[in-house]
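All remarks here apply to the structure that follows.
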Amino acid sequence: SMTARMATTVLAPPGELLGVSPDEKYNVPAGVREKLGKDLLLNPKHPLGILWKTVQDYFAEQDPNCKFFDTEKPVVNTVDCFDKLRVPPDHPSRSPSDTYYVNKDYVLRTHTSAHQCQFLSQYPEITSFLCAGDVYRRDEIDASHYPAFHQCEGVRLFDAEKVSREEVLEDLKKTLEGLAAHLFQLKTGEDTMRWLDEYFPFTEPSLELEIFYQDDWMEVLGCGAGALVLRNAGLDPAKVHGWAFGLGLERLAMVLFGIPDIRLFWSDDSRFSEQFVPESFAQKTKFKPFSKYPPVLKDISMWIPEEFADNDLFEMIRDEGGDQVEKVDLMDDFTHPKTGRRSKMFRVTWRDMSRTLTNEEVNAKHETVLERLLPALVMLKSQ
Ligand code: FA5
Ligand code: MG
């Protein structure tokens with residue numbers, strides 16, 4: 001299809017990725033590939049490393065037998081990432097417009113849940129563990145979404161004869177509320193933190209937690225109780241109950257340290273990195289933003305072909321603009337009443353975090369985005 005061809009134009013011919021050979025399904029752009037191996041979580045001076053350590057300390061205190069993993073490879077097979085978690089074969093999260101494929105059987109993990117069944121079956125004696133790592137998704141572009149980010153998975157098992165499903169759910173909420181209280185002194189029901197019902201194919205019931213930050217509710221984690229995947233890990237759901245959660249470490253670190261934009265986590269700017277030390281959690285360090293440079297705005301209006309995914313556009317923009325793209329907003333979504341054709345208008349906010357961008361340099365990149373789009377789209381207008 002048009003979109004598939006368009007997407008492949010952004011790719012340099014790849015070599016093996018962590019020992020896995022690409023095939024024609026490969027869709028990992030260079031800007032995402034270069035994030036592999038950065039190991040931000042293992043850096044004790046990086047806000048993500050500091051947070052990961054703090055989360056481990058909290059869980060070690062809760063349960064001295066809790067095990068911690070953070071060196072699993074981010075390239076996983078689709079069986080672990082999707083099938084074992086009961087994600088249906090036609091589910092959109094598997095599609096190449098949402099997921100980075102190395103080849104038809106291997107993906108950049110889209111969540112740390114990809115390791116749940118592996119650990120449960122590999123270590124039958126473990127009843128609770130955390131697993132943290134870098135994960136990858138094609139997604140929208142704004143201050144809290146980035147194609148490479150970090151999650152921490154948590155799993156705890158219970159003896160089904162001693163603990164009811166209701167008690168498991170209570171324990172889950174209590175544990176995560178305790179984590180939020182430990183990190184931020186936040187409590188639910190105070191207009192700063194709220195639970196919402198959610199759906200995941202691997203837990204039932206499922207919930208998500210949102211925190212109020214920068215004038216809006218920001219989702220920080222998904223979780224659930226139930227034993228839907230235990231059978232796939234070789235466990236007997238009649239004997240074992242469990243809960244699991246997956247939290248977005250960038251989002252928690254943003255709230256914890258007052259970091260306004262997710263791009264900063266990848267910044268080489270010493271004005272960012274020098275603000276953090278291993279003691280930053282204890283010292284309650286708050287990030288002091290350096291001055292904001294003016295943005296350059298560019299609009300893109302286009303008729304949307306049927307097979308076009310917004311994520312294809314977002315990735316072209318990110319691929320051209322890298323971290324100079326702050327956000328992409330959908331400004332208008334119009335369906336022609338007679339022809340049924342659909343048009344959309346997106347506004348791209350360009351802003352470098354360390355200097356003022358000129359209109360000329362942004363124009364050059366914007367034009368390249370438009371040229372890439374052209375094979376697939378009829379442009380309406382652009383400015
Ligand atoms: C999951 O990934 C589930 N695996 C979580 C889970 C685990 C549920 C175990 C039940 C049991 P979700 O797609 O909502 O869920 O992502 C979890 C968190 O990752 C989000 O709440 C958010 O904090 C973070 N996140 C998701 N997409 C992005 C992104 N593009 N950039 C930064 N953070 C993101
Ligand atoms: Mg979610």
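The values are calculated or read from the model by the stated rules, or taken from the named source; none is laboratory data. Keep in mind that this is a model prediction, so the values were computed, not measured. Note that each Cβ is placed from the backbone with ideal geometry, even for glycine, and that neighbours are counted across all protein chains shown.
Of note:
- The lone criterion from (1) assigned to a strand (DSSP E or B); (2) out of contact with any Gly (no Cβ under 9 Å at 6 or more places or on another chain) left unmet by VAL348 is number (2).
- Scanning region 236-260 for residues being within 16 Å of ligand 2 (Cβ to nearest atom) and among the aromatic types (Phe, Trp, Tyr) gives a total of 1.
- Sole exception among (1) at pLDDT 95 or above; (2) over 18 Å from LYS25 (Cα atoms) for ARG94, by number: (2)
- Residue that is touching a Pro at 6+ places or on another chain (Cβ under 8 Å) and either at negative phi or assigned by TED's automatic domain parsing to the domain that holds GLY19 (or both), where the choices are PRO88, PRO96, PRO47: PRO88
- Within region 110-138, the set of residues being within 20 Å of the chain's Cα centre (by Cα), more than 10 Å from ligand 1 (Cβ to nearest atom) and not in a helix (DSSP H, G or I) comprises LEU130, CYS131, ALA132, GLY133, ASP134.
- Hey, GLY258 farther than 27 Å from CYS117 by Cα, more than 12 Å from ligand 1 (Cβ to nearest atom) and of a type outside the set (Val, Ile, Thr) or not: yes
- Of all residues in region 17-33, those satisfying the criterion of being outside any strand (DSSP E or B) and under 14 Å from LYS104 (Cα atoms) are SER21, PRO22, ASP23, GLU24, LYS25, TYR26, ASN27, VAL28.
- All conditions in (1) more than 30 Å from ASP159 (Cα to Cα); (2) modelled with pLDDT under 95; (3) of a type in the set (Gly, Ala, Ser) hold for SER121, with the sole exception of (1).
- Among the conditions (1) away from ligand 2 (no atom under 16 Å from the Cβ); (2) among the aliphatic types (A, V, I, L, M); (3) within 22 Å of the chain's Cα centre (by Cα), the only one that ALA233 does not satisfy is (3).
- Residue within region 159-171 that is assigned by TED's automatic domain parsing to the domain that holds ASP98 and within 16 Å of ligand 2 (Cβ to nearest atom) present: no
- Reported count of residues in region 238-268, each being out of contact with any Leu (no Cβ under 7 Å at 6 or more places or on another chain) and aliphatic (A, V, I, L, M), is 7.
- Close pairs from region 213-230: first within 6 Å of ligand 1 (Cβ to nearest atom), partner part of a loop (DSSP other than H, G, I, E, B), Cβ under 8 Å, at least 6 apart: GLY224/PHE202
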